[in-house]
1. Quick one: how many residues across segment 280-311 are without any contact (Cβ under 8 Å) to a residue 12 or more places away in the chain, touching a helix residue (DSSP H, G or I) at 6+ places or on another chain (Cβ under 9 Å) and in a helix (DSSP H, G or I)?
2. Within segment 249-261, does at least one residue satisfy the condition of being without any contact (Cβ under 8 Å) to a residue 40 or more places away in the chain, assigned to a helix (DSSP H, G or I) and surrounded by 18 or more Cβ atoms within 10 Å (Cβ to Cβ)?
3. Return the residues of segment 129-156 that are at pLDDT 95 or above and more than 10 Å from the ligand (Cβ to nearest atom); say none if nothing qualifies.
4. Which is farther than 26 Å from residue 17 by Cβ and surrounded by 14 or more Cβ atoms within 10 Å (Cβ to Cβ), of 279, 291, 222, 307?
5. Residues 24, 12, 7: which one is under 28 Å from residue 223 (Cα atoms), free of Cβ contacts under 8 Å to residues at least 12 places away in the same chain, under 25 Å from the mean Cα position of the chain (by Cα) and assigned by TED's automatic domain parsing to the domain that holds residue 109?
6. Within the bounds of segment 184-191, is there any residue that is within 16 Å of the ligand (Cβ to nearest atom), over 25 Å from residue 46 (Cβ atoms) and either more than 16 Å from the chain's Cα centre (by Cα) or loosely packed, with under 14 Cβ neighbours inside 10 Å (or both)?
7. Within segment 54-73, can one find any residue that is in contact with a strand residue (DSSP E or B) (Cβ under 9 Å, 6 or more places away or on another chain), more than 16 Å from the ligand (Cβ to nearest atom), under 26 Å from residue 147 (Cβ atoms) and in the same structural domain as residue 142 (by TED's automatic domain parsing)?
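The values are calculated or read from the model by the stated rules, or taken from the named source; none is laboratory data. Remember, it's a predicted structure, so these values are computed and weren't measured experimentally. Please note: Cβ atoms are built from the backbone with ideal geometry, for glycine as well, and neighbour counts cover all protein chains shown.
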Ligand SMILES: NC(=O)c1ccc[n+]([C@@H]2O[C@H](COP(=O)([O-])OP(=O)(O)OC[C@H]3O[C@@H](n4cnc5c(N)ncnc54)[C@H](O)[C@@H]3O)[C@@H](O)[C@H]2O)c1
């Protein structure tokens, strides 16, 4: 097991990464600085049959452990589920020294983290990510639920006590979830580290290869980028917005298609290709997009905007993006691979590139 340090302006916490470390969760929890009264494990109905028993069996018998299982998928990041869990926690008598364990992907992490952030004005929580994408979502303390008018609109910055990442849990992920999470890995290369991007191109030819030492290396490097960004800017006043590369269009696609119709990462890849095109248009640089598209297609990514979506609806949704200012769309663009900035872009140029 390796330990990485996640530092933000409000908190420093460990991220443990290794194979089969889910069996050590009990021990890690026992080492947390403050004493715990009871534990609530929040997970979903796909992850529960796979890993809930392992987690529970690793926890010391003297802790009272409750579990709350939500339906898998984006729809669980809702007011109703959030409210139901709060009610459950109150009924079970959780107090301010209770601990929440978020066992699952980004949906469970965001939802359980927001419950933890607000239950009795904030109780401790631990992230136990089980998807590739969650190497990103479990680090940095953004927790949220969705509003029908926008994704992640109701949330908080709330850091966990620890992140415990058992890379062996990834082996049960379906192919499309690998594809989804891998998009965020690639994104970290694009925005921060061109050498990492080249390393990925040279070393990862298929998702099936991502295990053992290769998985550890890939994930540690990708997490390092996220950690470096949140260290400098925890609450997205500045460079944290760089992590939004590809997300302006991706969120618009997800909103217009309906949550859950396309995986987040698959939408991000379409958004990144679009952002590369807007970058070339803006900077008049050459990012070699055809070869990037060819490479992305090797992982079976679709790089085109779903045909049922129309340009005006996408523009409208992009204007609602959190980076927009006074209705002007702002996007994260690349002046070169590894160098980004947030730029206001003309709606007409976007319309032209979109169509
Ligand atoms: N907080 C952040 O900084 C941040 C960053 C990026 C994305 N997100 C959020 O993360 C969410 C997406 O996360 P996700 O892609 O992990 O989705 P997810 O949590 O819905 O997981 C994807 C699917 O995989 C299943 N699953 C999870 N672990 C599994 C395993 N080990 N084996 C088999 N199946 C497994 C889940 O049940 C689900 O059906 C979105 O809501 C997005 O907004 C948050």
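1. Residues in segment 280-311 being without any contact (Cβ under 8 Å) to a residue 12 or more places away in the chain, touching a helix residue (DSSP H, G or I) at 6+ places or on another chain (Cβ under 9 Å) and in a helix (DSSP H, G or I): 1 in total.
2. yes
3. Of everything in segment 129-156, those that are at pLDDT 95 or above and more than 10 Å from the ligand (Cβ to nearest atom) turn out to be 154, 156.
4. Numbers: 291 fails: surrounded by 14 or more Cβ atoms within 10 Å (Cβ to Cβ); 222 fails: farther than 26 Å from residue 17 by Cβ; 307 fails: surrounded by 14 or more Cβ atoms within 10 Å (Cβ to Cβ).
Step by step, each of 279, 291, 222, 307 is checked, and only 279 is farther than 26 Å from residue 17 by Cβ and surrounded by 14 or more Cβ atoms within 10 Å (Cβ to Cβ).
5. Values: 24 fails: free of Cβ contacts under 8 Å to residues at least 12 places away in the same chain; 7 fails: free of Cβ contacts under 8 Å to residues at least 12 places away in the same chain.
On inspection, the qualifying residue turns out to be 12.
6. Within segment 184-191 (the criterion being within 16 Å of the ligand (Cβ to nearest atom), over 25 Å from residue 46 (Cβ atoms) and either more than 16 Å from the chain's Cα centre (by Cα) or loosely packed, with under 14 Cβ neighbours inside 10 Å (or both)), the answer is yes, since at least one residue qualifies.
7. no
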